[in-house]
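Below you'll find the structure, written out as structure tokens, and then a few comments.
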Amino acid sequence: MERLWGLLQGAKRLSPRPSQTIYKHVEGTQQGCPEEEEEDPEEVAEPPAHFCPMELRGSEPLGSQAGLQNLGLWAAAGRRTAPYLVLTALLIFTGAFLLGYVAFRGSCQACGNDVLVVSEDVNYELSPDSHQGTLYWSDLQALFLRHLGEGSLENTIRQISLRERVAGSSGMAALAQDIRAAFSLQKLDHVWTDTHYVGLQFPDPAHPNTLHWVDEAGRPGEQLPLEDPDVYCPYSATGNATGKLVYAHYGRPEDLQHLRTRGVELAGRLLLVRLGMISFAQKVASAQDFGAGGVLIYPDPADFPQDPHKPGLSSNRAVYGHVHLGTGDPYTPGFPSFNQTQFPPVQSSGLPSIPAQPISADIASLLLRKLEGPVAPQEWQGWLPDSFYRLGPGPGLHLGVNNHRASTPISNIFGCIEGRSEPDHYVVIGAQRDAWGPGAAKSAVGTAILLELVRTFSSMVSNGFQPRRSLLFISWDGGDFGSVGSTEWLEGYLSLLHLKAVVYVSLDNAVLGDDKFHAKTSPLLVSLIENILKQVDSPNQSGQTLYEQVAVNNHNWDAEVIQPLPMDSSAYSFTAFAGVPAIEFSFVEDGQVYPFLHTKDDTYENLHRVLRGRLPAVAQAVAQLAGQLLIRLSHDHLLPLDFGRYGDVVLRHIGNLNEFSGDLKARGLTLQWVYSARGDYIRAAEKLRKEIYSSEESDERLTRMYNVRIMRVEFYFLSQYVSPADSPFRHIFLGRGDHTLGALLDHVRLLRTSSSGALGAASSAVGSGLGFQESRFRRQLALLTWTLQGAANALSGDVWNIDNNF
């Protein structure tokens, strides 16, 4: 470069100086050339002048001999200088290109995977009144972790678990006031309360539920003791049920079908079913579909840990659980339960018409000893002592359920940090506050983490941080009755939330162990979860991240970690009802379930013993995971939602349908329309990915437009062709009803019913005894196809950009 500078300086002096002096100056910078003549001291001291390389000056005319000589000297100097000028231009171009690439990579580093992945070179802006400089992701992460470490999660969990907080109780009202006061002390922009008046069901202390033996004449005999009259199934049908007892394993449709194929009559029977595998509501709904008269649900020791070093569930404990096959207030389905609202005289179709009651393992053991009939299959055998697991029927029983309905006020508490650039887009995080018992794992942990995150983000705001999108922190009421508080809020503001809610993060059931990590979530969030797991340290594997912990023995990490949202998840309604992508994650024990959930033994002490003193570390890991999710979702320029993944989901489901293509073809039917709609969705996702990749991050209008299209992908999968009042869970992959892909698959399986004798898992078809119906298939196919096609069209953007095969 020194040699090049000398050439440029020499060329600069060509115009005002004699050509010979310039020539000798240039030559003097090269090895092996004659020495340059000594320059005039004034010339050396002269400051650099403006260089105009294209201008030639001289006292002689160009046609003279001296002019020709000057021109020749110019040519020689140009030939010597040209390579260095070219090299300089290349260096400048390369530097500019690299600078532009680095800047662009920050805006869309991983668009090839349809999701933005933050790295160290992505910057985050502070609020205008901050005196700090630009925050990079590592700075923002460090800021979050520094403030998070200042709290005391363990003490908060202990204190909350000691408080009475049954929905509608005076203790819950006091806790709600304390939560609101805690929110108000922080640097939040808004704090408020929503109150709903909902129909909840409680046991009647004056008329407790009963269970009696029945003699041959049908008269009630000796009463079987129900150890805890407070344990019941909310939303059970009230009244009496009398019938012989049948053991039905977990009460799944396939279990009940197996009993039917074994010749065991189910109509009018009382079914004894084990806790687990599916929810209480699904067990009772399946029993009702098969004509049973009532259900008794018990915890079998085979389904719970029997580790002598860990506490276990007492054999005289029953487990609480609601039996409404749905969420929210079942007496106002589809409508928000605000005060003075006039409701139509209708109840949820998910309310059962048969009674149900939880019983302890001790009572179940007494019942099993009385059973006759064939021996249960080996995989149905449990671990109740001195019990022979037979299918039945057994002696007669009389079940009386006397629960009563009460209009009960419940309160949801809200706190908000407004976003800087997109304040009308909300990232929502919530935790259930109520609990039927101590509820340490059920709701105390989630509430404590929620309060800690509110405090942490408030401290970050005080230090100049401001997210692009608004953060909404919510403490829910009525969760133990089927996510009543959250569902009523969704019903009240549905037309608003599907346009503004970006993602919902649930903190419920977050710590049930410390061995494994599970995430129940929408496909849109899988890539983001993977990235965040690589940023959070494992709470029980020193030197490992959570990702390394879950992927150490399984390269297909998502098969180990990712699960679909079940109906009993508090996040389910956000996705299946409102079309908002949601996630609920949990740390669990390896191969075992937390035994005290929904019991009076769900205390802080038992949770602490199950985790062997690691409760603070695991709760801290949950807080780190949730907090970093919130940062990414609320502050990335481009929403980190992987909209391309739903193409893989459709392909997987279509693979299940493909095995029946021959049966359909024989009837003149085809699945071609579904294939075409799936192809259109894939093309629309790829087109959007390319648009984003080639766009400018600094264009706020364009970024917002892309974010709106991305955040509504989940909503696109809510069927627009069914009524929310009749089918509230309209999601074609997660919902319930004839419009779903699962219902279509169950129906198509009926094509082989006559030859195989197996009905599969379609309980509605089993219960009704109907076979395959072509008209129903065509309607189901149309509902599914056009919902999927609508999602593809919406993802394409404007109508003039739509390119499909229809």
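Using R₀ = 41 Å, calculate the FRET efficiency as 1/(1 + (r/R₀)^6) where r is the Cβ-Cβ separation of M705 and S169; round to 0.05.
E between M705 and S169, to the nearest 0.05, is 0.30.
Under a plain spin-label model, where a point goes 7 Å from the Cα along Cα-to-Cβ, how far apart in nm are A617 and V375?
It is 4.5 nm.
Excluding residues fewer than 8 places away in the same chain, name every one of the lysines whose C-alpha is closer than 17 Å to that of K244.
Partners within reach: K370.
With θ taken as phi - 60° and the coefficients 6.51, -1.76 and 1.60, list the Karplus ³J(HN,Hα) couplings across region 466-483 in order, rounded to whole Hz; mark glycine and proline as x.
Ordered by residue, 3J(HN,Hα) equals 8, x, 5, 10, 6, 9, 10, 9, 9, 9, 8, 10, x, x, 6, 9, x, 6 Hz.
Please list 212-219, 619-626, 470-477, 534-541 highest first by mean number of surrounding beta-carbon atoms within 10 Å per residue.
Result, highest mean first: 470-477, 619-626, 534-541, 212-219.
For F304, enumerate residues with amide H under 5 Å from its amide H, sequence gap 5+ or separate chain, H modeled in the peptide plane.
Counting only residues 5 or more places away or on other chains, the set is empty.
Going by amide H atoms built from the backbone, whose H comes under 5 Å of the H on V166, apart from near neighbours?
M172, A435
What does the net charge come to around D194 if you take all other residues with beta carbon closer than 11 Å to its beta carbon, with K and R at +1 and D and E at -1?
Summing Lys and Arg as +1 and Asp and Glu as -1 gives -2.
Among K442/K516; K283/K500; K283/K442, which pairs are too far apart, with a Cα-Cα distance over 28 Å?
Flagged as over cut-off: K283/K500.
What whole-number distance in Å separates the alpha-carbon centres of region 569-635 and region 201-222?
38
From the square roots a ≥ b ≥ c of the eigenvalues of the alpha-carbon gyration tensor of region 637-691, which class results: rounded (a/c under 1.5), prolate (a/b over b/c), or oblate?
Cα axes put region 637-691 in the prolate bin.
Which whole-Hz couplings ³J(HN,Hα) result when phi for each residue of region 349-360 is put into the Karplus expression 6.51 cos²θ - 1.76 cosθ + 1.60, θ = phi - 60°, listed in order with x for Gly and Pro?
With the stated coefficients, region 349-360 comes to 5, x, 6, x, 9, 10, x, 9, 8, x, 9, 7 Hz.
Mind checking the full-extension length gain between Q177 and L87? Use 0.36 nm per residue of separation minus the Cα-Cα distance, one decimal, nm.
Stretched out fully, the Q177 to L87 stretch lengthens by 25.2 nm.
Stretch E696-D307 to full length: gain in nm at 0.36 nm per residue minus the Cα-Cα span?
Separation in residues times 0.36 nm, less the Cα-Cα distance, equals 134.3 nm.
Which residues' amide hydrogens lie under 5 Å from the amide hydrogen of V214, considering only partners 5 or more residues apart or on another chain, with H built in the peptide plane?
When sequence neighbours closer than 5 places are left aside, the close amide H contacts are G221, G396, L397, H398.
Could you compute the net charge surrounding W489? Neighbours are other residues with a C-beta less than 11 Å from the C-beta of W489; K and R count +1, D and E count -1.
Surrounding charge for W489 is -4.
Based on the mean of other Cβ atoms within 10 Å per residue, sort peptides 377-386, 265-274, 568-577 so the most packed one is first.
Ranked from most to least packed, the peptides come out as 568-577, 265-274, 377-386.
Nearest 20 debye, what's the magnitude of the dipole of region 208-401 about its Cα centre given +1 on Lys and Arg Cβ and -1 on Asp and Glu Cβ?
280
What does the charge count near E227 come to, summing +1 for each Lys or Arg and -1 for each Asp or Glu among other residues with Cβ under 9 Å from its Cβ?
Here the charged neighbours net out to -1.
Given the whole protein assembly as supplied and a 1.4 Å probe, what does the accessible area of D424 come to in Å², nearest 10?
For D424, the solvent-accessible surface is approximately 50 Å².
Tell me which of P336, H398, P358 sits at the most positive position along the dipole axis of region 336-429, charges placed on C-beta atoms (Lys, Arg +1; Asp, Glu -1).
H398
The values are calculated or read from the model by the stated rules, or taken from the named source; none is laboratory data. Predicted model, so just to flag it, every value in this text is computed and none were measured. Here Cβ is always computed from backbone atoms with ideal geometry, including for glycine, and neighbour counts include all displayed protein chains. Protein only, heavy atoms only, side chains kept; ligands, DNA and RNA dropped before computing areas. Shrake-Rupley method; radii C 1.70, N 1.55, O 1.52, S 1.80 Å.
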